[in-house]
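I have placed the structure first, in the form of structure tokens, so that the comments after it can refer back to it.
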Amino acid sequence: MVLRKRADPALRFDAGAPWLDLLATVGSAYGPAPVERLRGVPELVEWLAQERLTPREAPTEDDVRSARAVREAVRPVALAVLAERDVDGAALEELQRWLDRDEPLRVVPDAGVPAVQAPRTTTVALARVCRQAVEHLAGPERARLGACADDECHMAFLDPTGRRRWCSAEGCGVRARVRAHRAKARTGRVDGGVPREDRRNTGDPDGSRGLP
């Protein structure tokens with residue numbers, strides 16, 4: 001798919017886990033004009049820092065391409081799980097190729113308490129993200145996954161309550177209500193399904209006649 005690089009560029013960190021935030025680095029991913037939010041090294045540096053995955057070696061343009069590759073390797077597996085479809089074996093093999101690039105965790109002291117040493121490279125950081133995705137998709141967190149009800153967005157997120165409908169009530173939620181209102185306006189119908197002109201002609205402005 002061809003990704004835009006202009007509108008709605010801000011990175012998002014509200015999906016509930018780093019691997020889900022990585023999927024969200026494409027906006028309107030399932031619409032006609034997806035938006036690339038992971039545009040270059042500065043955005044990748046910001047994303048890694050926010051996810052506490054800043055590597056010891058500085059990220060490069062090749063790492064940006066790798067981050068996008070991991071994102072698109074995880075996406076079909078996540079979509080299959082969300083749709084309760086069988087997962088394609090080739091998609092799992094692609095995930096395994098990234099998992100194989102992971103390195104063992106090393107514990108180090110930090111202000112007197114144990115901490116996990118920063119990943120050596122961006123590739124290792126991305127492998128950790130891929131590992132988290134697999135652990136969630138193959139574990140109990142799978143039952144807590146949800147997706148935005150907007151067909152063009154469909155952003156995946158962790159939903160412990162089971163009540164989250166939109167990735168953002170102020171974004172997709174508002175746009176959905178606006179679209180629904182405009183659709184009603186185009187059909188010339190109001191509540192009850194009676195055309196406005198019919199209500200005017202029958203002297204039934206509130207649509208109350210004929211209701212049970």
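Give the residues of the stretch 34-49 that are of a type outside the set (Lys, Arg) and in a loop (DSSP other than H, G, I, E, B), sorted by residue number.
Once the filter is applied, which keeps residues that are of a type outside the set (Lys, Arg) and in a loop (DSSP other than H, G, I, E, B), the stretch 34-49 yields Pro34, Leu38, Gly40.
Residues that are farther than 15 Å from Arg131 by Cα, surrounded by 14 or more Cβ atoms within 10 Å (Cβ to Cβ) and of a type in the set (Gly, Ala, Ser): does the stretch 41-61 have at least one?
Checked against the condition, which is being farther than 15 Å from Arg131 by Cα, surrounded by 14 or more Cβ atoms within 10 Å (Cβ to Cβ) and of a type in the set (Gly, Ala, Ser), the stretch 41-61 yields no hits at all.
So is Cys172 modelled with pLDDT under 95 and either out of contact with any Ser or Thr (no Cβ under 6 Å at 6 or more places or on another chain) or not polar (S, T, N, Q) (or both) or not?
The answer is yes for Cys172.
Got at least one residue in the stretch 26-33 being closer than 26 Å to Glu135 by Cα, of a type outside the set (Gly, Ala, Ser), open to solvent by 40 Å² or more (accessible area, probe 1.4 Å) and in a loop (DSSP other than H, G, I, E, B)?
Yes, there is a match, as at least one residue in the stretch 26-33 is closer than 26 Å to Glu135 by Cα, of a type outside the set (Gly, Ala, Ser), open to solvent by 40 Å² or more (accessible area, probe 1.4 Å) and in a loop (DSSP other than H, G, I, E, B).
Quick one: Gln132 ticks every box in (1) in contact with a helix residue (DSSP H, G or I) (Cβ under 7 Å, 6 or more places away or on another chain); (2) free of Cβ contacts under 8 Å to residues at least 40 places away in the same chain except a single one, so which number is it?
(2)
Just for the stretch 70-117: of the residues that are in contact with a strand residue (DSSP E or B) (Cβ under 9 Å, 6 or more places away or on another chain) and open to solvent by less than 40 Å² (accessible area, probe 1.4 Å), which one is farthest from His154 (Cα to Cα)?
Restricting to residues being in contact with a strand residue (DSSP E or B) (Cβ under 9 Å, 6 or more places away or on another chain) and open to solvent by less than 40 Å² (accessible area, probe 1.4 Å), the top hit is Ala115.
Please give the strands (runs of 3 or more DSSP E) falling wholly within the stretch 85-148 in which 2 or more residues are more than 17 Å from Arg52 (Cβ to Cβ).
Once the strands (runs of 3 or more DSSP E) in the stretch 85-148 are filtered for at least 2 residues that are more than 17 Å from Arg52 (Cβ to Cβ), what remains is 145-147.
For residues that are open to solvent by 30 Å² or more (accessible area, probe 1.4 Å) and in contact with a Gly (Cβ under 6 Å, 6 or more places away or on another chain), scanning just the stretch 119-164, find the one that is modelled with the highest pLDDT.
Arg164
The values are calculated or read from the model by the stated rules, or taken from the named source; none is laboratory data. Just so you know, these numbers come straight off a predicted model, no measurement behind them. Using ideal geometry, Cβ is built from the backbone for each residue, glycine included, and neighbour counts are taken over all protein chains shown. Heads up: the accessible areas ignore ligands, DNA and RNA and are worked out on the full protein's heavy atoms, side chains in. Shrake-Rupley method; radii C 1.70, N 1.55, O 1.52, S 1.80 Å.
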